[in-house]
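A.B. asks: Please read through the structure below; I'll follow up with questions.
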Amino acid sequence: MKRDHVLTWDQYFMAVAHLSAMRSKDPNTQVGACIVNAQKRIVGLGYNGFPMGCDDDVYSWERDGDYLETKYPYVVHAELNAILNSIQNLAGCTLYVSLFPCNECAKAIIQSGIARVVYEDDKYDGTPNNVASKKMFHDAHVELVRLPYSLKVRVEPIDHE
Ligand SMILES: [Zn+2]
């Protein structure tokens, strides 16, 4: 008898996105992204972090204060990192991301040729940035799929000596 109660593909790749998010050093928001091609192979992974060479111990994760002392001018979002880390042409691929993409990532997603975005959280729904994302996705015919929070996957890092 085979096991029937298994993860769907959407749940599986979203779980990989969540696993990637656990690499983020951001104390407030951990976002992960996973790009999958038509053969259901993972071709890109990312999480929110600073660019190469920009030291996590030097750059600030603050959200408030002098702009140049906050994370905002420096952080690379999970979706953009997944695109930049990808190993193939992304035309027709699906991007899994735990949080609905911002307008800047939406531009990169569209220009990379990604055809479908699967997300869970949409906590910024209705904000101008979010509205701009949805307007661009709509006009570019990128399919949007909201995945219910159906996962009970729990992974915790353990400390090694
Ligand atoms: Zn973004």
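Read-outs: derived from the displayed coordinates by stated rules, not from any lab. As the structure is a prediction and not an experimental result, all values here were calculated from the model. Here the Cβ positions follow ideal geometry from the backbone for every residue, glycine too, while neighbour counts run over all protein chains shown.
A.B. asks: Please work out which one of (1) within 13 Å of the ligand (Cβ to nearest atom); (2) more than 13 Å from Leu80 (Cα to Cα) is the condition Ala115 fails and give its number.
C.D. replies: All conditions pass for Ala115, except number (1).
A.B. asks: Can you tell which of Leu19, Leu45 is surrounded by fewer than 22 Cβ atoms within 10 Å (Cβ to Cβ) and closer than 18 Å to Ala106 by Cα?
C.D. replies: Leu45
A.B. asks: Give me the residue from segment 57-68 that is exposed (fewer than 12 other Cβ atoms within 10 Å of the Cβ) and charged (D, E, K, R) and, out of that set, nearest to Asn28 (Cα to Cα).
C.D. replies: Only one residue tops the list, namely Asp64.
A.B. asks: Taking the residues in segment 86-105 that are within 14 Å of the ligand (Cβ to nearest atom) and part of a loop (DSSP other than H, G, I, E, B) as candidates, determine which candidate is surrounded by the fewest Cβ atoms within 10 Å (Cβ to Cβ).
C.D. replies: Cys102
A.B. asks: From the list Ile83, Ile114, Ile109, Ile35, pick out the single residue that is of a type outside the set (D, E, K, R), surrounded by 21 or more Cβ atoms within 10 Å (Cβ to Cβ), part of a strand (DSSP E or B) and under 16 Å from the mean Cα position of the chain (by Cα).
C.D. replies: None of the others qualify; the one that does is Ile35.
A.B. asks: Quick check: anything in segment 67-77 in contact with a helix residue (DSSP H, G or I) (Cβ under 8 Å, 6 or more places away or on another chain), within 12 Å of the ligand (Cβ to nearest atom) and closer than 17 Å to Val142 by Cβ?
C.D. replies: yes
A.B. asks: Which members of segment 10-22 meet the condition of being in a helix (DSSP H, G or I) and in contact with a strand residue (DSSP E or B) (Cβ under 8 Å, 6 or more places away or on another chain)?
C.D. replies: If the condition is that a residue be in a helix (DSSP H, G or I) and in contact with a strand residue (DSSP E or B) (Cβ under 8 Å, 6 or more places away or on another chain), then Asp10, Phe13, Met14, Val16, Ala17, His18, Leu19, Ser20, Ala21 are the ones that fit.
A.B. asks: Go through the residues of segment 137-145 one by one and say whether even a single one is touching an Asp or Glu at 6+ places or on another chain (Cβ under 8 Å) and within 14 Å of the ligand (Cβ to nearest atom).
C.D. replies: No, segment 137-145 contains no residue that is touching an Asp or Glu at 6+ places or on another chain (Cβ under 8 Å) and within 14 Å of the ligand (Cβ to nearest atom).
A.B. asks: Considering Lys25, Lys40, which residue is assigned to a loop (DSSP other than H, G, I, E, B), of a type outside the set (Gly, Ala, Ser) and on the phi > 0 side of the Ramachandran plot?
C.D. replies: Among Lys25, Lys40, only Lys40 is assigned to a loop (DSSP other than H, G, I, E, B), of a type outside the set (Gly, Ala, Ser) and on the phi > 0 side of the Ramachandran plot.
A.B. asks: How many residues, within segment 55-80, are out of contact with any Cys (no Cβ under 7 Å at 6 or more places or on another chain), at negative phi and not in a helix (DSSP H, G or I)?
C.D. replies: 17
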